[in-house]
Amino acid sequence: MSVTPPLAIINARLMLPGETQPVAGVLRCVDGHIAAVGPQVAPEQSDAIHDAGGKLVTPGLVDFGTFAVDKPAFHFGGIVRAAVMPDNGMLDVPSRVRFVASSGKPDFWVHPLAAATQGLEGTRLAEFGLMKDAGAKAVATGRRWIADSGTMLRVLQYAAMLDLVVCTHAEDAGLTGNAVATAGEMATRLGLPSAPAEAEALALARDIALAEIAGARLHVRQVTTAAGLDLVRAAKARGLPVTAGVTPAHFMLSDIAVAEFRTFMRLSPPLRAEQDRKAVIAAIADGTIDVIASGHDPRGPEGKRLPFADSEPGMAGAETLLPLTLNLVRDEVISMAHAFELLATNPARLLGVNSGRLEAGAEADVAVIDPDRPWIVDSSQMEASAGNTPFDRQPVQGRSVALFKGGAQVA
């Protein structure tokens, strides 16, 4: 017997699979799953009723590749599941993976990504077969690129045998070194240690070639340069199972944003040139980019109140993921349907979880969203454990006003 009573969300504008625009209708949840959804559905007498009031009803967001389990921030942002990078607690043994996999339940699902190598040092393979049994949903190289091609090939081959996606960080460490900015006019004017944008393309070219040899699925967590996006586009055209993600920072901001040395702009990869920012937007529009993720990585004052070159990279992104992606809808770069494919459907598919879409049989992970609700990002008032957002004081539109996990309201 289910603990959660049947639920009907009425007066909803439903974002249904295969539809380009929201459809008026009702969504029913029974026993933690969507029982029926659409314009012909009606609530039953035993249902608890949630009146959406004509607002948008979408799949709950699935955030792929976060660095912290920060439940209040995720719930604020309409996120019901997060794939957590192995850097969080060094997920290179089954016991840690099992602990993290259970850490958010029952109102938030955490999906650990297994470390590709022991200690994320890029030398000896971790036992991610056992970690898969413990709950790992993919394999990841963490914040680093695996420099040794032989090791990376073995990672990809092992992951292919287990049918796990390999999530990689695409920056050639031999070029990036201690760089904190992208080489160009801005880095030169500011005197910041920098690396060429081509470091991304070099890393990508090798990883794509190795993934093809291994027959493995490759997900590049962030692709942020025009050259890198061209490589992903070409790989897809050849039919390779290569997917790519990005965070809002790299389609909203360019390296001009670092001009005041504000460490909230210290990110990994670093902000790119304006032409690269525009290339990211074009890649989102044409389907080269499959996932928009928050890159949620809250850093306190001890990591950010330092000279720019000494500060830690990262941003608190969970709360701003939804409204910043909706900017692309308002600017007519993508449709509303495509936005939620990027935020929910595609990341859920990568993880192999029964979520990310509003259809009968899927888990009842549902968000009620007011896409036009205005608010101002305030780093001092964020739900995240630290408010290091590059969008501080920026007005945005779009908020999750109700969130359901398995048919139970959690926010």
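Points worth noting:
- Residues (among the β-branched types (V, I, T) and under 28 Å from the mean Cα position of the chain (by Cα)) located in region 182-209: T182, I208
- Subset tally (residues that are crowded, with 22+ Cβ neighbours inside 10 Å and assigned to a strand (DSSP E or B)) for region 365-398: 5
- Region 172-221, residues that are within 29 Å of P241 (Cα to Cα) and touching a Pro at 6+ places or on another chain (Cβ under 6 Å): T182, R217
- Selected residue (criterion: modelled with the highest pLDDT) from residues of region 365-386 that are closer than 12 Å to A318 by Cα and out of contact with any Phe, Trp or Tyr (no Cβ under 9 Å at 6 or more places or on another chain): A386
- Residues of region 301-339 satisfying the condition of being part of a loop (DSSP other than H, G, I, E, B), among the acidic types (D, E) and surrounded by fewer than 16 Cβ atoms within 10 Å (Cβ to Cβ): E312, D331, E332
- Among the residues of region 210-262, just one is among the hydroxyl-bearing types (S, T, Y), crowded, with 22+ Cβ neighbours inside 10 Å and over 16 Å from the mean Cα position of the chain (by Cα), namely T225.
- Options A283, A293: the member that is buried (at least 24 other Cβ atoms within 10 Å of the Cβ), at pLDDT 95 or above and under 25 Å from G142 (Cβ atoms): A293
The values are calculated or read from the model by the stated rules, or taken from the named source; none is laboratory data. All figures in this text were calculated on a predicted structure; none of them were measured in a lab. Methodologically, a virtual Cβ is constructed for each residue, glycine included, from the backbone with ideal geometry; neighbour enumeration extends over all protein chains shown.
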